[in-house]
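For reference, the structure is listed below as structure tokens.
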Amino acid sequence: MPSLNTLPTPSLLLNKAALERNITTMHQHMAQLDVALRPHLKTAKSAAIARLATAGQAGGVTVSTLREADYFFTQGFSDLIYAVGIIPAKLDTVAALIQRGADLKLITDNTTAARAVVDYAQSHNLTLKVLIEIDSGAQRAGVLPESEDLLDIGRILHQSPKVDLAGVLTHAGQSYRCNTPAAIRTVAQQERAAIVQAAERLRAAGLPCPIVSAGSTPTAALAEDLSGITEMRPGVFVFYDLDQLAIGACQREDLALSVLASVIGHNRHVGHLILDAGALALSKDLSAQDFRPEVAYGEVCDYLTQAPLAGLYVRSVSQEHGLVPVNDPNWYDCLPVGSKVRILPNHACITAAAYDSYQVLEGSTITAQWDRVNGW
Ligand SMILES: Cc1ncc(COP(=O)(O)O)c(C=O)c1O
């Protein structure tokens, strides 16, 4: 195994103790609220992490790409929701997975896709399971819980003998616009009210709605009442990140993911350190900036302990360069060319997407490499 001193940079580091704590905390919280956890694996994209996140749980998982669906099914996860609206062009791939034995469920928020799913299921003599996506306030995708569209889609799906109307699904992405635990709890109530209303309207119309699926990490972590919901789908909770810290969804010690980078130069005439971690290694996500503008592209930390190096942030990036302004020249001695730092990212899901694997850390020792499934 390489060590933190010999690992090539940039590399993606995963603190195993923090990962396990985050997962245990979420398991306990879901158990207290009597709801199943269906972790969204769009963040981790790793079978090793999925096994930890589903241990002792009902076992279902959420995916954001059909490549993830294939990878996780091959790794033994058969109960899957593909939580991105389905289109006809993807149904052959879906069908191949179902024919291999995957219990793969789809989502839609429109009658066009619903009809296409019905036609496909009929013409291929295949049973397809579909949930209706609900907009509980994020204003991204989904029908409104009070809309006629909800019942129209429900009827189209349910009238087909080859399609199972499997339930309703929502993601309260507006929780990311909060910056206090109290505000997140209010969004969690809105999310619950909306998805339960949608489920009740379907049932009142004589339509089945066995799965009532909700969740973002902030709402899952801080919700106090999830009655009427059958499952929650947080994803980034396994790692957390600076955005989650900025909005009040986690604590600093929960931050499990970081990027190991090297100092490749000192630009003394401008006044910054140059790192070999730029836009591709960190991403250009600035989400934590809404509430912590000083963070910019990432917070610079000690490479062994992850203790923040006070006042050091990656303020600008180009493809392979990250620039860290310093106003005390002593930093050039503390961080000579060739030395290493750890960067905490804004958005763990997006940063991790640039890496094929995690370097798993126990203390400051690398004890494993876990693969990831990227792409589409
Ligand atoms: C449909 C859906 N469900 C669940 C999640 C997981 O939420 P989070 O990223 O807050 O963990 C996402 C994230 O984008 C999502 O799109």
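The table that follows gives values for the structure above.
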| read-out | value |
| --- | --- |
| Filtered residues of the range 356-376 (kept if surrounded by fewer than 18 Cβ atoms within 10 Å (Cβ to Cβ), at negative phi and part of a loop (DSSP other than H, G, I, E, B)) | Asp356, Ser364, Asn374, Trp376 |
| Some residue of the range 178-191 being among the aliphatic types (A, V, I, L, M) and within 24 Å of Pro88 (Cβ to Cβ) | no |
| The range 223-240 - residue that is assigned to a loop (DSSP other than H, G, I, E, B) and more than 10 Å from the ligand (Cβ to nearest atom) and, of those, nearest to Gln289 (Cα to Cα) | Ala223 |
| Residue that is nearest to Cys178 (Cα to Cα) [pool: residues in the range 291-305 that are in contact with a helix residue (DSSP H, G or I) (Cβ under 9 Å, 6 or more places away or on another chain) and not small (Gly, Ala, Ser)] | Phe291 |
| Qualifying residue in the range 285-299 (condition: within 19 Å of the chain's Cα centre (by Cα), basic (Lys, Arg) and closer than 25 Å to Ala18 by Cα) | no |
| Among the residues listed as Ile153, Ile132, the single one being within 16 Å of the ligand (Cβ to nearest atom) and surrounded by 19 or more Cβ atoms within 10 Å (Cβ to Cβ) | Ile132 |
| The range 250-290 - residue that is hydroxyl-bearing (Ser, Thr, Tyr) and touching an Asp or Glu at 6+ places or on another chain (Cβ under 8 Å) and, of those, nearest to Arg177 (Cα to Cα) | Ser287 |
| Single match in Ile195, Ile211 (criterion: surrounded by fewer than 24 Cβ atoms within 10 Å (Cβ to Cβ) and within 14 Å of the ligand (Cβ to nearest atom)) | Ile211 |
| Ala58 vs. criteria among the hydrophobic types (A, V, I, L, M, F, W, C) and away from the ligand (no atom under 12 Å from the Cβ) | yes |
| Residues (in contact (Cβ under 8 Å) with a residue 60 or more places away in the chain and assigned to a loop (DSSP other than H, G, I, E, B)) located in the range 169-184 | His171, Cys178, Asn179, Thr180 |
| Single residue of the range 1-56 satisfying the filter (among the hydroxyl-bearing types (Ser, Thr, Tyr) and either surrounded by fewer than 17 Cβ atoms within 10 Å (Cβ to Cβ) or touching a residue at least 60 places away in the same chain (Cβ under 8 Å) (or both)) that is farthest from Gly235 (Cα to Cα) | Thr6 |
| Lone unmet requirement of (1) surrounded by fewer than 19 Cβ atoms within 10 Å (Cβ to Cβ); (2) more than 17 Å from the chain's Cα centre (by Cα); (3) farther than 28 Å from Glu146 by Cα for Leu97 | (1) |
| Flag for Val187 being touching a residue at least 40 places away in the same chain (Cβ under 8 Å), in contact with a helix residue (DSSP H, G or I) (Cβ under 6 Å, 6 or more places away or on another chain), under 25 Å from Gly59 (Cβ atoms) and not acidic (Asp, Glu) | no |
| Selected residue (only one of Ala188, Ala205 is within 15 Å of the ligand (Cβ to nearest atom) and either closer than 15 Å to Leu33 by Cβ or surrounded by fewer than 21 Cβ atoms within 10 Å (Cβ to Cβ) (or both)) | Ala188 |
| Checking Cys178 against (1) over 30 Å from Pro293 (Cβ atoms); (2) of a type outside the set (Asp, Glu); (3) within 13 Å of the ligand (Cβ to nearest atom), the condition it does not meet | (1) |
| Pair list, Cβ < 7 Å and 6+ apart or interchain, from the range 89-117 residues that are farther than 16 Å from Leu131 by Cβ to residues that are within 16 Å of the ligand (Cβ to nearest atom) | Thr93/Leu66; Leu97/Ala69; Leu97/Leu104 |
| Answer from Ala141, Ala166 - the residue that is in a loop (DSSP other than H, G, I, E, B), within 17 Å of Leu106 (Cβ to Cβ) and within 16 Å of the ligand (Cβ to nearest atom) | Ala141 |
| Any chance Tyr82 is within 14 Å of the ligand (Cβ to nearest atom) and of a type in the set (Phe, Trp, Tyr) | yes |
| Residues within the range 100-136 that are part of a strand (DSSP E or B) and of a type outside the set (S, T, N, Q), tallied | 12 |
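No lab work stands behind these numbers, since they all come straight from the coordinates. Treat the numbers as computed from the prediction; the structure is a model and nothing was measured. Every residue, glycine among them, receives a Cβ derived from its backbone with ideal geometry; neighbour counts consider all protein chains shown.
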